[in-house]
Amino acid sequence: MHDQTKAALAVAAIIVAAIGGVFVSNQLQGGNEPAAAQVESAIADGAIVRDDSRILGEEGSSGVTFVEFLDFECEACGAAFPIVEDLREKYAGEVTFVIRYFPLPSHFNSSRAARAVESAARQGQLEAMYSRMYETQAEWGEAGEPKDDLFRSFAEDLGLDMDQFDADYASQEVEDRVARDVADGESLGVSGTPTFYVDGELFQPETVEDFSAVLDEALAK
């Protein structure tokens with residue numbers, strides 16, 4: 001594990017309980033969560049992972065999936081980022097890591113960030129733009145003003161075809177792609193981020209160690 005990752009994990013450990021509690025607290029505050037039968041139906045319908053859901057890195061050989069419904073402007077998601085990166089290194093080649101866009105209405109630039117990441121993904125740069133969003137979150141998160149130009153500069157830094165990026169970023173197709181992930185999340189009862197699923201089961205961590213433990217358990221089945 002890299003020293004930078006270790007330091008980030010040490011910070012993340014302080015607030016990981018908040019990460020695990022986001023889903024529960026949002027459910028308690030909300031009153032529109034779907035009934036259990038609806039959630040079961042959504043799971044059966046493949047709402048957790050679609051065939052074309054975005055995968056970080058290569059697909060794992062074990063069939064075990066780690067899915068995160070995320071919001072790039074969410075501080076808890078930012079805290080989870082180094083943890084997920086460490087898991088990806090530890091379980092590379094074994095576990096498939098899937099991201100689902102779930103920008104929250106309360107975050108001004110979260111939908112824009114999701115569209116920027118999806119647009120980059122269409123040019124083979126999903127992972128680079130995904131990482132850039134979290135690495136720079138402190139610069140633009142909670143800004144309350146459009147950050148389209150900043151996100152476009154990230155695409156330029158990555159050497160993307162900017163005509164294509166601009167077209168995708170403004171397209172209905174990309175907007176619909178993000179909206180479909182949101183709809184899937186809502187059908188599952190997701191109302192806060194990050195929300196994790198491991199092999200189709202909701203996973204709510206209480207410690208950093210829980211992340212490795214749940215994957216070890218899934219791989220041992």
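Only one of the numbered conditions (1) hydrophobic (A, V, I, L, M, F, W, C); (2) out of contact with any Pro (no Cβ under 9 Å at 6 or more places or on another chain); (3) over 28 Å from residue 158 (Cβ atoms) is violated by residue 42, and that is (2). Scanning the range 184-215 for residues that are of a type in the set (A, V, I, L, M), in a helix (DSSP H, G or I) and open to solvent by less than 50 Å² (accessible area, probe 1.4 Å) yields 188, 214, 215. Determine, yes or no, whether residue 98 is under 11 Å from the mean Cα position of the chain (by Cα) and hydrophobic (A, V, I, L, M, F, W, C). For residue 98, the condition - under 11 Å from the mean Cα position of the chain (by Cα) and hydrophobic (A, V, I, L, M, F, W, C) - is met. Identify all residues within the range 97-151 that are assigned to a loop (DSSP other than H, G, I, E, B), in contact with an Asp or Glu (Cβ under 7 Å, 6 or more places away or on another chain) and under 30 Å from residue 63 (Cβ atoms); write none if there are none. Scanning the range 97-151 gives 102, 103, 122, 123. Report yes if residue 200 is under 16 Å from residue 71 (Cβ atoms), in contact with a Ser or Thr (Cβ under 9 Å, 6 or more places away or on another chain) and not aliphatic (A, V, I, L, M), otherwise no. No, not satisfied.
Here residue 182 fulfils each of the conditions (1) within 24 Å of residue 125 (Cβ to Cβ); (2) without any contact (Cβ under 8 Å) to a residue 12 or more places away in the chain; (3) aliphatic (A, V, I, L, M) apart from (2). Is there a residue being open to solvent by less than 70 Å² (accessible area, probe 1.4 Å), over 24 Å from residue 98 (Cα atoms) and either under 21 Å from the mean Cα position of the chain (by Cα) or touching a residue at least 12 places away in the same chain (Cβ under 8 Å) (or both) anywhere in the range 155-163? No - not one qualifying residue is present in the range 155-163. Checking 147, 90 one by one, the residue that is farther than 29 Å from residue 201 by Cα and among the basic types (Lys, Arg) is 147 and no other. Listed conditions (1) at pLDDT 95 or above; (2) out of contact with any strand residue (DSSP E or B) (no Cβ under 8 Å at 6 or more places or on another chain); (3) not polar (S, T, N, Q) are all met by residue 142, apart from (1).
Every condition in (1) open to solvent by less than 60 Å² (accessible area, probe 1.4 Å); (2) closer than 19 Å to residue 124 by Cα holds for residue 52 except the one numbered (1).
Under the condition of being over 15 Å from the mean Cα position of the chain (by Cα) and part of a helix (DSSP H, G or I), which residue from the range 171-183 is nearest to residue 110 (Cα to Cα)? Here the residue is 175.
Determine which member of the set 128, 121, 116 is out of contact with any Cys (no Cβ under 7 Å at 6 or more places or on another chain) and either open to solvent by 20 Å² or more (accessible area, probe 1.4 Å) or free of Cβ contacts under 8 Å to residues at least 12 places away in the same chain (or both). On inspection, the qualifying residue turns out to be 128. Going by the conditions given, is residue 168 without any contact (Cβ under 8 Å) to a residue 60 or more places away in the chain, assigned to a helix (DSSP H, G or I) and either small (Gly, Ala, Ser) or surrounded by 19 or more Cβ atoms within 10 Å (Cβ to Cβ) (or both)? In short, yes.
The values are calculated or read from the model by the stated rules, or taken from the named source; none is laboratory data. Predicted, not measured: the structure shown is a model, and the values here were computed from it. Cβ: placed from backbone, ideal geometry, glycine included. Neighbour counts: every protein chain shown. Areas reflect the complete protein model, heavy atoms only, side chains present, ligands, DNA and RNA absent. Shrake-Rupley method; radii C 1.70, N 1.55, O 1.52, S 1.80 Å.
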